[in-house]
Amino acid sequence: MQKATQLLSISILISIVIIIVTFDEWSNFHKKQITQGDVAGVIDSNTLKVIVAGKYEIIRLAYIHCPEEDQADEAAAVAALRNAVEDKSVRLNIVDIDEDEKKIAEVYANDININLHLIRTGMCYADRKNVEGKGEYLEVEDLAQKEGLGVHRSPEITPG
């Protein structure tokens, strides 16, 4: 009887572990999705308002660190983002959701990765804390830095 109780307990424990792992994988699957929408506005240098399925969504660009409000080059970064996406349909590769429920995504307009474009043109930096497995972000930042573009034109300008 005691052996049967132990086997039942182990079986229940294994079932719970399987459920937790399955839920975690399901949760991550739903974070990483591809969707499309129309840009309704640029909020700041790395945040958009996009209409997805008739609803407004706030989208933060993944893998980049852009100048913030009141920092040098912030206006240029906002203008570059606006020029790249304003009044366009975009494809969103959603890679995460932040604590404020904003979706974090790679944004594509006309098949151009806007996140990479902003880094390559020196408007933003690669977010070195979060680009693991995304070597292309570091590669294009290195090129922009070698060419002294945008935020890389002076050694005094650093990510804020």
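The values are calculated or read from the model by the stated rules, or taken from the named source; none is laboratory data. Small disclaimer: the values here were computed from a predicted structure and weren't measured. Here Cβ is always computed from backbone atoms with ideal geometry, including for glycine, and neighbour counts include all displayed protein chains. SASA here: full protein model, heavy atoms, side chains in, ligands and nucleic acids out. Shrake-Rupley method; radii C 1.70, N 1.55, O 1.52, S 1.80 Å.
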TODO: Classify the stretch 108-150 as rounded, prolate or oblate, taking a ≥ b ≥ c as the square roots of the eigenvalues of its Cα gyration tensor: rounded when a/c is under 1.5, otherwise prolate if a/b is larger than b/c and oblate if not.
DONE: oblate
Task: Å² per residue, accessible surface of the stretch 62-157 at 1.4 Å - done: 54
Task: Net charge of neighbours whose Cβ lies under 11 Å from the Cβ of LEU138, counting Lys and Arg as +1 and Asp and Glu as -1 - done: -4
Open item on the list: If you roll a 1.4 angstrom probe over the protein chains with everything in place, what fraction of the accessible area of the stretch 32-160 belongs to carbon and sulfur, to the nearest %?
Closed with: 45
